[in-house]
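Trainee: Just dropping this structure here.
The values are calculated or read from the model by the stated rules, or taken from the named source; none is laboratory data. Source: prediction; values computed, not measured. Every residue, glycine among them, receives a Cβ derived from its backbone with ideal geometry; neighbour counts consider all protein chains shown.
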Amino acid sequence: MYQGHSVLVILPALNEANKVGKVISKVPADIVDAVLVVDDGSTDETAQEAKEAGATVIQHKVNRGVGAAIRTGIDYALANGYDITIVMASDDQDEPAEIVRLLDPIVSDGYDYVHGSRYLAGGRRVNHPFHRTLMTWFYSLSFRLVVGYPITDGTNGFRAFRTAICKNINLWQDWLDRYELEPYLYYQAIKWGFRVKEVPVTKIYPADARVGYTKMRPLVDWWRIFRPLVFLFLGIKK
């Protein structure tokens, strides 16, 4: 419990052996009640490593997408009565020690949804490639123009929210199975009038670019993060 609030961390994971265990070990046990790894059809030892590190594991038999994995985690959070849900990367790109930065605005100041930003003062970018900076800046600008809210880091996956807000936001749509769900949730949290805030966080990419820092595919997955903005703005989806 953190100041009387039960907290669940969701780690969506696809082939993150040799990383996911390290992430779980760094999650502060005095703040977080449980860590849930949703193994989205991994073909390596992700699930076993997560179990050995002390996490609860739910496995998708086939790869369904990061949105579907997060939704499975949210289903678990709702079913088990967790007050606050945190979503973060399972590949060691986020700093678990910064979880408290996301929680404090919720438990102390009454916010409903808190989004991490590597671009706010106090945030950090480690080994951040220039093209990634350019893309995330352009996406955030597009988000601001469409939604009318001054976000700075629309693609950051490190976030915390009151689990109950998901009862108002229709995340259970098949078109949200992959990269669409995360921007959809952010967009709808703002449009529903929930209290939303950004806080500074760290984003760490591997020093060796050959290791890879994303599973996103150019063009097809870039469209997937943009289409919630397009579909909701035009009223094609709700």
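Trainee: Could you identify the single residue in 223, 137 that is over 15 Å from the mean Cα position of the chain (by Cα) and exposed (fewer than 14 other Cβ atoms within 10 Å of the Cβ)?
Mentor: On the way: 137 fails: exposed (fewer than 14 other Cβ atoms within 10 Å of the Cβ).
None of the other options fit; the residue is 223.
Trainee: Let me ask something additional. Among the numbered criteria (1) buried (at least 18 other Cβ atoms within 10 Å of the Cβ); (2) closer than 17 Å to residue 86 by Cβ, which single criterion is violated by residue 187?
Mentor: Checking residue 187 against (1) buried (at least 18 other Cβ atoms within 10 Å of the Cβ); (2) closer than 17 Å to residue 86 by Cβ, the one that fails is (2).
Trainee: Any idea how many residues of the stretch 197-236 are within 28 Å of residue 106 (Cβ to Cβ), in a loop (DSSP other than H, G, I, E, B) and modelled with pLDDT of 95 or more?
Mentor: 1
Trainee: Collect the residues in the stretch 140-163 that are among the polar types (S, T, N, Q) and more than 17 Å from the chain's Cα centre (by Cα), keeping them in residue-number order. Give the steps one after another, and end with the answer.
Mentor: From the stretch 140-163, those among the polar types (S, T, N, Q) are 140, 142, 152, 155-156, 163; that's our starting set.
Listed by number, the list holds a single entry, 142.
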